[in-house]
Amino acid sequence: MGIRYARTSYTDLASFADAAFDAVVSFMALMDGPRFDPAMAECCCARAGGSPSASPTPASSPVAPGWIHDEQGVKVSRVVGHYFDPARWVERFRFADAPAEAPEFVVPRFDRTLSEYVNTLTGTGFVLKRLEEPRPSEEYCQAHPGQRGWREHAALFLHVLAEKPAEKPASDSSRPGPASPTTSR
Ligand SMILES: C[S@@+](CC[C@H](N)C(=O)[O-])C[C@H]1O[C@@H](n2cnc3c(N)ncnc32)[C@H](O)[C@@H]1O
């Protein structure tokens, strides 16, 4: 069976029925859009047990981040500032190996704190199962020394695994319940 691709916003998945999917996976997208809370609410298109797994750039990468280098140009530390500042900003960058004539990337950024990510997810009703901050391997850093800072000083990614609990069956109100306790004086 082929894959059906649909183009829509992760803040509006109304075209999919609730519980239509086994799992929801988002990779490198949630940090690029506003309205994280409706995005999480829309994950109800996952079945019970389905997990939204997000991979935004981390809470440790807010506006005005930067590396401190030693005399050899090796990254020795990372500056983190404005962590709690909710202001949106626009990042402009070029990949180091891109041709000179390549246009720069212009990307809106919606930095969030770790607690905002986690509390929005759990506030939506998901149960947090696991957090990971994956880092490049030692072998990868040897082959790509410019990436070593993401192994030694700061996390580039935040991975979140959460589950939607099974819904409790509605209680049958027609059944007689236990007699209410009565008090007499
Ligand atoms: C850094 S790119 C990553 C693309 C891809 N996931 C990857 O790993 O190569 C972030 C993507 O998020 C998309 N995006 C931003 N807001 C979105 C939204 N509300 N709904 C769906 N995608 C969105 C952007 O259009 C962009 O393609």
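The values are calculated or read from the model by the stated rules, or taken from the named source; none is laboratory data. It should be emphasised that the depicted structure is a prediction, and the values quoted were computed from it without experimental measurement. Here the Cβ is made from the backbone with ideal geometry for all residues, glycine too, and neighbour counts use every protein chain on show.
What to note about this one:
- Looking only at region 32-46, and only at residues there that are touching a residue at least 40 places away in the same chain (Cβ under 8 Å), assigned to a helix (DSSP H, G or I) and touching an Asp or Glu at 6+ places or on another chain (Cβ under 8 Å), the one that is farthest from Val90 (Cα to Cα): Cys44
- Residue list for region 1-17, restricted to those being more than 9 Å from the ligand (Cβ to nearest atom) and surrounded by 11 or more Cβ atoms within 10 Å (Cβ to Cβ): Leu13, Phe16
- Residue that is nearest to Ala23 (Cα to Cα), among those in region 121-163 that are of a type in the set (Ser, Thr, Tyr) and surrounded by fewer than 17 Cβ atoms within 10 Å (Cβ to Cβ): Thr122
- Residue that is surrounded by the fewest Cβ atoms within 10 Å (Cβ to Cβ), among those in region 18-35 that are small (Gly, Ala, Ser) and within 6 Å of the ligand (Cβ to nearest atom): Ala29
- In region 47-68, the residue that is modelled with the lowest pLDDT out of those that are in a loop (DSSP other than H, G, I, E, B) and under 17 Å from Phe126 (Cα atoms) is Ser55.
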